[in-house]
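Notes follow once the structure below has been shown.
The values are calculated or read from the model by the stated rules, or taken from the named source; none is laboratory data. As the structure is a computational prediction, the values presented were derived from the model and not from experiment. Because the Cβ atoms are built from the backbone with ideal geometry, glycine has one as well, and the counts that use them run over all protein chains shown. All accessible areas refer to the heavy atoms of the entire protein, side chains included, with ligands and DNA or RNA removed. Shrake-Rupley method; radii C 1.70, N 1.55, O 1.52, S 1.80 Å.
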Amino acid sequence: MTQSSPQPMVRIRWLLIGIALLIAGFAILAAVGSWIDGGAQFAFDRAVLLMMREPGMPGVPEGPAFLKQAMLDITALGGGTVLTLVVVLSAGFLLIQRHVLTALLVVAGGAGGPLAVAILKPVFGRQRPEVIDHLIDIGSASFPSGHSANSAAVYLTLALVLVQIVRARREQVFILGAAILLVLAIGSSRIYLGVHWPSDVLAGWTFGALWALGWWAIGHWLRDRFASSRTIAVTPDRSA
């Protein structure tokens, strides 16, 4: 008597992991947001913001004169227009290369994350910090940091699904490392500019990272599912 193959259970495990990671991202935002809405404060929020300005001068940023412009340039990389272009152009290139599944994952992860943040942001309605002067004008709610969450959702999702189809390990490391550095720089720029509490940025990074990891796991499940099928041609996952 032949034993049944455990392969179906192995496949479904990755799908369940992916769904669990997506749910965890929402759960963490809801928990921290509710905590803040109930009046909770974090001592490090004020301390970190004050480090961004000259002592006793909330309108004068720390660092050399060019740093302010550099932070403005970096923060633009997490804006809606740039992120939309990244998703559209990346998906288009992948489609040309016939990486259809990877293109779909980029669109699903890159569009779904920012949409979720846009829906959740007004629910919490946290006020922008007033500890230091803002270096740019902003009007929406503070929690979570949209630039931090959205850049993590887009750049990390893109990186994680790309490493699934890239062969060389050094290329995988470079793609993932570059995405992480970019996301960290964008979130840090929001604190430097004075428009977000550090806890807003940390929450955004956490949500975006879990969101991206969720789509990476779902991508692994889909690649494994269609690897032996002719329904859609897929590149085997080289990252797991």
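General observations
- Once backbone amide H atoms are built at 1.01 Å from N, residue 53 has 62 as its partners under 5 Å, excluding neighbours fewer than 5 places away on the same chain.
- Within a Gaussian network of the chain (alpha carbon springs, distance under 10 Å), most fluctuating of 161, 60, 106: 60
- Those trypsin sites (Lys or Arg not before Pro) in segment 139-215 that DSSP places in a loop and that have at most 12 other beta carbons within 10 Å: 167
- Shown in residue order for segment 201-212 are the 3J(HN,Hα) couplings computed by the Karplus curve 6.51 cos²θ - 1.76 cosθ + 1.60 at θ = phi - 60°: 5, 4, 5, x, 4, 4, 4, x, 5, 5, 4, 5 Hz (x for Gly and Pro).
- For the chain, the carbon plus sulfur part of the accessible surface works out to 68%, probe radius 1.4 Å.
- Chain lengthening between residue 180 and residue 96 when straightened (0.36 nm per residue, less Cα-Cα): 27.6 nm
- Computed 3J(HN,Hα) for segment 24-29, one whole-Hz value per residue from the Karplus formula 6.51 cos²θ - 1.76 cosθ + 1.60 where θ = phi - 60°, is 4, x, 5, 5, 5, 4, glycine and proline marked x.
- Average Cα contact separation per residue, the chain, under 8 Å, 6 or more apart, as relative contact order %: 30
- Of (i) 17.4, 53; (ii) 28.7, 97; (iii) 20.0, 80, the label for Rg and Dmax of the Cα atoms in Å derived from the coordinates: (iii)
- Look at the alpha carbon pairs under 8 Å that are at least 6 residues apart: their mean separation over the length of segment 114-174 gives a relative contact order of 34 percent.
- Most to least accessible of 154, 86, 173 (protein chains only, probe 1.4 Å): 173, 86, 154
- Accessible area, probe 1.4 Å, largest first, for residues 193, 156, 89, 95: 89, 95, 156, 193
- Accessible area per residue for segment 78-144, computed on protein heavy atoms with a 1.4 Å probe, is 52 Å².
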